[in-house]
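Visitor: The structure under discussion is supplied below as structure tokens; questions concerning it will follow.
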Amino acid sequence: MADITWEKPFCGEGANCFRIGTDAAGNAYIAVAGREDHPLTDSREALRALIHGIKAGHADHLL
């Protein structure tokens with residue numbers, strides 16, 4: 001697996017924690033904290049679009 005630099009976990013109430021990471025090749029990763037060996041992988045541009053969409057409220061209907 002790539003050399004991933006992980007951010008500190010983002011946690012909701014309880015034990016719902018996720019981590020976001022990147023590597024030198026321009027890939028982005030999202031994983032459940034403690035399960036970083038099984039991340040979702042895409043480009044940094046895709047991660048940027050996901051974060052902007054969430055900030056804009058495009059996922060509010062999932063809450």
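Visitor: Given charges of +1 on the Cβ of Lys and Arg and -1 on the Cβ of Asp and Glu, with all other atoms neutral, how large is the dipole of region 5-62 about its Cα centre, in debye to the nearest 20?
Guide: So the dipole magnitude of region 5-62 works out to roughly 120 debye.
Visitor: Ranked highest first by the average count of other Cβ atoms within 10 Å around their residues, in what order do 15-23, 3-11 fall?
Guide: Ranking the peptides 15-23, 3-11 by packing returns 15-23, 3-11.
Visitor: Note down the net charge around Ile51, summing +1 for each Lys or Arg and -1 for each Asp or Glu among other residues with Cβ under 15 Å from its Cβ.
Guide: Residues near Ile51 contribute 0 overall.
Visitor: Further question on the same structure: Which whole-number value in Å³ per residue fits the convex hull of the alpha carbons of the chain?
Guide: 90 Å³
Visitor: Next question. May I ask which residue of Pro39, Ala24, Ile54 lies farthest towards the positive end of the charge dipole of the chain, with charges of +1 (Lys, Arg) and -1 (Asp, Glu) on Cβ and the Cα centre as origin?
Guide: Ile54
None of the figures in this text is laboratory data; all of them are computed from the coordinates on show. Just so we're clear, the structure is a prediction, and the values are computed from it rather than from any experiment. Here Cβ is always computed from backbone atoms with ideal geometry, including for glycine, and neighbour counts include all displayed protein chains.
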